[in-house]
Amino acid sequence: MHHEEPEDFRYGTPEDATDDLGLGLVDDASQETVRRRSAPVKKWMLVVGAALVVVIGITALVLALMPRNVAGEVADAPDVTETSAGVTGGGQAVLRLSESLDAGSLELSDLPGAPDQQTYQVWVESVGGGTVSSVEVLDPKDTKDTVGFKSLDDIESVLVTTEPVDGSNEPSDTKVLEIDLPH
């Protein structure tokens, strides 16, 4: 009787024993050329870039929302023209216009105190006299102020009236100044 040894398959079949047991993979890996990886973007570069975008955005927003000093821009304009006039009851007014900025300003100085419970209010009257719009209600204690306005082609004249301390929706008949714009 012939006795055969059982095959031990823990390590594969006997045919597998003649295989190179994965040494070929080691050979393949050692023969591969090393590829240089592109340098990854550093985290700090991304953070700096994002911070820059945020700073630029905030700056643009602040500049867009910040009120403009129209009167200052008109005073500094190279094409500014000036017209002076006296204010009824005392004081002086200087009307400045700049065609290039399409803007103007009215500077009031040496104003007498407004009557009791009243103040001065500056208005612009549209061409043709159709509408009058308030530009600013002045502080009753101020003896001087400068206000700016835009859209010269739409404005016929600038008025100053005395109004209740909180201002009015329409000008009273008590005009202390009216200056027509040249058209």
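Of note, residue 128 satisfies the criterion of being out of contact with any His (no Cβ under 6 Å at 6 or more places or on another chain), assigned to a helix (DSSP H, G or I) and at positive phi. In segment 132-146, how many are of a type in the set (S, T, N, Q) and over 14 Å from residue 167 (Cα atoms)? Adding up the residues that qualify gives 2. Contact map, segment 116-144: residues that are in the same structural domain as residue 172 (by TED's automatic domain parsing) paired with residues that are assigned to a helix (DSSP H, G or I), Cβ distance under 7 Å, separation 6+ or inter-chain. Pairs shown: 126/154; 127/154.
Each row is one residue, and each column tells you yes or no for (1) within 31 Å of the chain's Cα centre (by Cα); (2) buried (at least 18 other Cβ atoms within 10 Å of the Cβ).
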{"residue": "116", "(1), (2)": "no, no"}
{"residue": "123", "(1), (2)": "yes, yes"}
{"residue": "126", "(1), (2)": "yes, no"}
{"residue": "146", "(1), (2)": "yes, yes"}
{"residue": "155", "(1), (2)": "yes, yes"}
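For segment 145-166, a tally of residues being of a type outside the set (Gly, Ala, Ser) and either more than 22 Å from residue 75 (Cβ to Cβ) or touching a residue at least 60 places away in the same chain (Cβ under 8 Å) (or both) returns 13.
Considering the conditions (1) in a loop (DSSP other than H, G, I, E, B); (2) within 32 Å of the chain's Cα centre (by Cα), residue 171 is excluded by exactly one of them, (2). Just checking, does segment 58-65 include any residue being surrounded by fewer than 14 Cβ atoms within 10 Å (Cβ to Cβ) and closer than 20 Å to residue 177 by Cβ? Checked segment 58-65: no residue is surrounded by fewer than 14 Cβ atoms within 10 Å (Cβ to Cβ) and closer than 20 Å to residue 177 by Cβ.
The values are calculated or read from the model by the stated rules, or taken from the named source; none is laboratory data. As the structure is a prediction and not an experimental result, all values here were calculated from the model. Note: ideal-geometry Cβ built from the backbone for every residue, glycine included; neighbour counts use all protein chains shown.
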